[in-house]
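Novice: Take this structure first; my questions come after.
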Amino acid sequence: MSQIVEQLKSVLGADNVVTKDMAKYLRGSEQPAAVVCPGTGEDVAAIVKAAAEAGVKVNVGGRVVDTAGLGGGIAVVTQRMNQILEIDKDNLTCWVQPGMLHKDFCDSLLKEGLYFPPEPYAVGTSSIAGCFGVGDPDSKSFKYMPPRTYIIAYEMVLPTGETMKIGTKCIKCVSGLDLIHFVSGTRATLGILTKILTKLLPAPVCKSVVVADLPNISAAAKAFLAIQKRRLFVTRENAITAKLGQNILSGAKGAVAFVDIEEFPKANVEYAKIVEAELKIAGATTTKIITDPKEYAATELGWLKAREAVNLNANKVRFTVGASNVVKGLDAAQGVVGPLNENEFTLIEAQLGKITVATANPDADAVKLNNAAMKLGGNVSGLLGSKLRCDEYSDTAMFDSITQLLHNIRKEFDPKGILAPGVKF
Ligand SMILES: Cc1cc2nc3c(=O)[nH]c(=O)nc-3n(C[C@H](O)[C@H](O)[C@H](O)COP(=O)(O)OP(=O)(O)OC[C@H]3O[C@@H](n4cnc5c(N)ncnc54)[C@H](O)[C@@H]3O)c2cc1C
């Protein structure tokens, strides 16, 4: 092992190969032989090639690397590769390096009047390559589509150390099997992204948010369904228990609704009035339309922090039922975890059709909630759908053959099994 560490020092420079005090770069209990900080795609290729030759495991992260399965391997931190390389305002695209923080990326684009909608939970710490590595849909995806639609070309170091380049600035550049978007959600199992071309949108001209205090989460869900039926294309339509929603609407007592709108100014005003009316019909005791940019930003931050608090709760179970079934999904959840009024960590992201609840028995209740969700056309979301293997409904033969297919694809990319060892299909 010391041989590969010395080899990497000679390629990257000793300063970029850390072997002591590695904790700040790591998540998990296993210890790598070294944390390495490449500065270029060529550096990444050299690292992976050396690891492949030595049969050493490798994992990658923007700021922090998951050490699962990595014992004695190499943790690649891309924090030095953190620049926007090109913004093309006419084609609405941007070449970016993998280690730029998601938030920094979005903020830099906004200064240019441009918008990158995907919104990770850990918005302050996720990297832009991590956005596509994870690929999860979020609260805004109903309107703007999930991250995979925003990667249109990339450069990626394969587990053999070779570099793959694919995609162009043209939206119509794939006919047939689409290997570009396929990379989204693969969590570094197929390669390490070293350069990404993202699709962009023009920044919203006007933002406003309607917040309200409703008697409970179900009342919020009913209001959201009514808003959906009015065919308003709002950005996020979410609600959280009042205890966690105080930074969104101070003094709220039941459930706090957060509905934001990104349209042209006149449409914003009209949409906000209709949203407010529907929230009142559903029993809102307080409503507020926020248009002042500073107040909007503070309220949005309040929402993001409240969502993070729910996400950090180890006893949560998350499941999706589709935008039209949230009311029924909440009823089903009450049947499993008891009255939601007493459940401090309840959150709905209504357009995503997603419900998060807390429970004292997350493992057992996840199975029950999955079964309930599947009756409504959804499921407990899990890495590569693996949680779908819940007893009552799953087709185990189908599950096994799909899993085998994924294993075969992974093996084709990574014959020695060196990349992202902690990611299990
Ligand atoms: C749109 C969106 C929605 C999300 N929704 C949820 C949610 O509902 N609940 C939840 O708990 N979490 C959610 N997440 C995940 C979460 O917010 C963070 O994105 C994630 O925890 C970041 O983890 P990290 O610190 O490991 O980041 P990163 O270091 O950014 O890594 C994230 C993943 O990407 C891989 N990766 C990193 N760099 C590269 C690279 N250069 N090439 C290839 N792969 C790479 C990593 O190995 C890891 O698997 C969401 C993420 C996104 C993008």
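Read-outs throughout are calculated quantities, based only on the coordinates presented, and are distinct from any laboratory measurement. Nothing here was measured: the structure is a model prediction, and the numbers come from that model. Because the Cβ atoms are built from the backbone with ideal geometry, glycine has one as well, and the counts that use them run over all protein chains shown.
Novice: Within 9 Å, Cβ to Cβ, of Gly185, how many net charges do the neighbouring residues add up to if Lys/Arg are +1 and Asp/Glu are -1?
Specialist: Combined, the nearby Lys, Arg, Asp and Glu give +1.
Novice: Counting Lys and Arg as +1 and Asp and Glu as -1, what is the net charge of the other residues whose Cβ lies under 12 Å from the Cβ of Ala309?
Specialist: +2
Novice: Quick one: divide the alpha-carbon radius of gyration of the chain by 2.2 N^0.38 Å and tell me what you get.
Specialist: It is 1.03.
Novice: Hey, what do the phi angles of the range 226-234 turn into as Karplus ³J(HN,Hα) couplings, whole Hz, using 6.51/-1.76/1.60 and θ = phi - 60°, x for Gly and Pro?
Specialist: Per-residue couplings from phi come out as 5, 5, 4, 5, 7, 6, 8, 9, 6 Hz.
Novice: Let's see if you can work this out: charge +1 on each Lys and Arg Cβ, -1 on each Asp and Glu Cβ, no other charges. What is the dipole magnitude of the range 2-77 about its Cα centre, in debye to the nearest 20?
Specialist: Charge dipole, the range 2-77, about its Cα centre: 180 debye, nearest 20.
Novice: Here is a further query. What list of ³J(HN,Hα) values in whole Hz, one per residue of the range 43-54 in order, does the Karplus curve 6.51 cos²θ - 1.76 cosθ + 1.60 (θ = phi - 60°) give from phi, with Gly and Pro shown as x?
Specialist: Result, rounded to whole Hz: 4, 4, 4, 5, 4, 5, 4, 4, 5, 4, 5, 8.
Novice: Calculate the radius of gyration of the Cα atoms of the range 231-319 to one decimal place, then report Dmax, the largest Cα-Cα distance, as a whole number, both in Å.
Specialist: 13.6, 43
Novice: To the nearest whole percent, what portion of all C-alpha pairs in the range 84-202 is separated by more than 25 angstrom?
Specialist: Within the range 84-202, distances greater than 25 Å cover 15 percent of Cα pairs.
Novice: Now, a different point. Assuming 1.306 mPa s and 10 °C, estimate D for the range 206-385 with Stokes-Einstein, Rh taken as the Kirkwood radius over Cα pairs, in µm²/s.
Specialist: Answer from the Stokes-Einstein relation: 98 µm²/s.
Novice: While we're on this one: Out of every Cα pair in the range 159-243, what percent are spaced more than 20 Å from each other?
Specialist: 62 percent
Novice: Could you name the lysines in cross-link range of Lys9, using Cα to Cα under 16 Å and dropping any fewer than eight places away on the same chain?
Specialist: Lys20, Lys49
Novice: If you don't mind, there's one more thing I want to ask. Using the Cα centre as the reference, give the magnitude of the dipole from point charges on the C-beta atoms of the range 206-385 (Lys, Arg: +1; Asp, Glu: -1; all else neutral), rounded to the nearest 20 debye.
Specialist: The calculated dipole for the range 206-385 is roughly 300 debye.
Novice: For the range 1-82, state what percent of all Cα-Cα pairs lands in each successive 5 Å bin, counting from 0 Å until the bin that includes the largest distance.
Specialist: Each 5 Å bin holds this share of Cα pairs: 3, 17, 32, 28, 16, 3.
Novice: Return the whole-Å distance between the Cα centroid of the range 170-213 and the Cα centroid of the range 278-301.
Specialist: 29 Å
Novice: Still on this structure, please answer the following. Amide H to amide H, which residues 5 or more places from Gly254 or on other chains are under 5 Å from it, using H placed in the peptide plane?
Specialist: Leu214
Novice: What is the magnitude of the charge dipole of the chain about its Cα centre, with +1 placed on the Cβ of each Lys and Arg, -1 on the Cβ of each Asp and Glu, and no other charges, expressed in debye to the nearest 20?
Specialist: Computed charge dipole of the chain: roughly 480 debye.
Novice: Pop out the ³J(HN,Hα) list for the range 106-121 in order, Karplus 6.51 cos²θ - 1.76 cosθ + 1.60 with θ = phi - 60°, rounded to Hz; leave Gly and Pro as x.
Specialist: 4, 5, 4, 5, 4, 4, 9, x, 10, 9, 10, x, x, 9, x, 4
Novice: Projected area of the range 246-287, taken from the Cα convex hull and averaged over every viewing direction, in nm²?
Specialist: 3.2 nm²
Novice: List, in the order given, every pair from Lys140/Lys288; Lys165/Lys207; Lys89/Lys222 whose Cα-Cα distance in the structure shown is over 29 Å.
Specialist: Table pairs above 29 Å Cα-Cα are Lys165/Lys207; Lys89/Lys222.
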